[in-house]
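For reference, the structure discussed in these notes is given below.
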Amino acid sequence: MTKHVAVLMGGLSNERPVSLSTGKGCAEALRRAGYRVSEVDVGYDIAEQLRALAPDVAFNALHGRYGEDGTIQGVLEFLRIPYTHSGVLASALAMDKHQAKIVLKAAGIPVTDHVIASRAEVARAHVLPPPYVVKPIADGSSFGVIIVKADQAHPPQEILGEDWNGGEELMVERYIPGRELTCAVMGDVALPVTEIVTDLHFYNYEAKYAQGGSRHILPAEVKPKIYDKVQKLSLAAHAALGCRGVTRTDFRYNDAAGEDGELVCLEINTQPGMTPTSLAPEQAAHVGHSFEDLVSWMVEDASCNR
């Protein structure tokens with residue numbers, strides 16, 4: 001019997017436009033792969049929508065709050081609908097950058113030094129010596145990320161604006177110069193490593209999702225032992241947080257710091273993007289998995305109690 005897959009997309013977070021793009025692309029690929037697909041724009045009535053649809057599997061194409069932080073995962077557990085990606089605890093941990101770092105550091109994975117401070121404190125005075133990075137504790141797609149340069153005399157003031165929606169507590173972490181590397185994990189297999197190159201100030205929202213915003217060098221042109229280390233650390237991060245399905249772990253690599261450089265894990269993404277410019281589908285394709293293969297694997301991997 002053909003499986004009925006509900007693709008959950010849109011949602012209530014800042015990343016709604018990305019999720020809609022991800023969801024549409026995944027829904028089309030699943031139809032091409034032979035599944036019966038319902039596209040579901042997630043709102044506060046999602047439990048009622050899913051009860052009415054009664055799908056065999058929920059494909060979670062949501063990004064950001066409510067979709068990536070354990071919330072929708074908890075709803076799906078109560079409804080007993082098998083779902084893709086990570087479960088409640090792993091999703092909640094990965095979304096909270098502070099808690100994720102505690103777990104990753106305990107697992108021996110190198111992370112950046114950071115402090116947690118209120119946005120009033122961050123705007124009043126430098127809480128770390130510049131250069132440093134300011135970011136919301138629980139948001140994705142680089143929303144609200146600010147780089148404070150070494151010669152910047154004053155702390156960032158934009159976080160005090162009325163349009164700020166990055167939360168009242170912020171993470172401030174040491175800035176790591178160098179190269180941006182990323183590696184997806186599919187089940188228990190590390191996919192190839194990508195280097196991300198952008199002409200923009202950093203790998204921000206525009207660089208991630210706009211056509212031409214960044215270039216992806218795949219496979220990354222780094223020393224073999226660094227390439228291997230990125231893959232091993234990606235698998236270790238996936239395991240440390242108890243993730244399932246597909247994840248993607250991001251790194252900074254300062255190749256000017258000593259003989260082997262400094263490699264630092266920035267974060268792990270439990271809902272990596274599935275847009276035309278996204279990294280995980282490119283990495284999967286590089287080792288022979290078509291987009292249809294990838295999303296089909298995710299559906300067949302779906303379960304409750306993740």
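The values are calculated or read from the model by the stated rules, or taken from the named source; none is laboratory data. This one's a predicted model, so the numbers in the text were calculated from it and none came from an experiment. All Cβ positions, even for glycine, are placed from backbone atoms using ideal geometry, and neighbour counts span all protein chains on display. Calculation scope for accessible area: heavy atoms of the full protein, side chains included, ligands and nucleic acids excluded. Shrake-Rupley method; radii C 1.70, N 1.55, O 1.52, S 1.80 Å.
Overview of results
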{"item": "Counted residues, segment 129-161 - those being out of contact with any Phe, Trp or Tyr (no Cβ under 9 Å at 6 or more places or on another chain) and more than 26 Å from GLU15 (Cβ to Cβ)", "result": "6"}
{"item": "Segment 96-127, subset of a type in the set (A, V, I, L, M, F, W, C), in contact with a strand residue (DSSP E or B) (Cβ under 7 Å, 6 or more places away or on another chain) and in a helix (DSSP H, G or I), residue farthest from ASN165 (Cα to Cα)", "result": "LEU104"}
{"item": "Count of segment 253-292 residues which are in contact (Cβ under 8 Å) with a residue 60 or more places away in the chain, open to solvent by 10 Å² or more (accessible area, probe 1.4 Å) and assigned to a helix (DSSP H, G or I)", "result": "4"}
{"item": "Qualifying positions in segment 146-157 - outside any strand (DSSP E or B) and open to solvent by less than 100 Å² (accessible area, probe 1.4 Å)", "result": "ALA150, GLN152, ALA153, PRO155, PRO156, GLN157"}
{"item": "Single match in ARG65, ARG80, ARG51 (criterion: surrounded by fewer than 23 Cβ atoms within 10 Å (Cβ to Cβ) and touching a Cys at 6+ places or on another chain (Cβ under 7 Å))", "result": "ARG80"}
{"item": "LEU160 over 20 Å from ASN254 (Cα atoms) and either open to solvent by 30 Å² or more (accessible area, probe 1.4 Å) or modelled with pLDDT under 90 (or both)", "result": "yes"}
{"item": "Set LEU93, LEU12, LEU62, LEU8: member being touching a residue at least 24 places away in the same chain (Cβ under 8 Å) and in a helix (DSSP H, G or I)", "result": "LEU93"}
{"item": "Residues within segment 65-83 that are in contact (Cβ under 8 Å) with a residue 40 or more places away in the chain, assigned to a loop (DSSP other than H, G, I, E, B) and over 9 Å from GLN271 (Cβ atoms), tallied", "result": "6"}
{"item": "Residue, nearest to VAL5 (Cα to Cα), within segment 294-306, restricted to residues that are open to solvent by 50 Å² or more (accessible area, probe 1.4 Å) and in contact (Cβ under 8 Å) with a residue 40 or more places away in the chain", "result": "TRP297"}
{"item": "Lone qualifier among VAL37, VAL75, VAL88 - being open to solvent by 10 Å² or more (accessible area, probe 1.4 Å), touching a Leu at 6+ places or on another chain (Cβ under 6 Å) and modelled with pLDDT of 95 or more", "result": "VAL37"}
{"item": "Of all residues in segment 18-28 being crowded, with 21+ Cβ neighbours inside 10 Å and of a type outside the set (S, T, N, Q), the one that is nearest to the chain's Cα centre (by Cα)", "result": "VAL18"}
{"item": "Top-ranked residue in segment 208-227 [being open to solvent by less than 50 Å² (accessible area, probe 1.4 Å) and small (Gly, Ala, Ser); ranked as modelled with the highest pLDDT]", "result": "ALA220"}
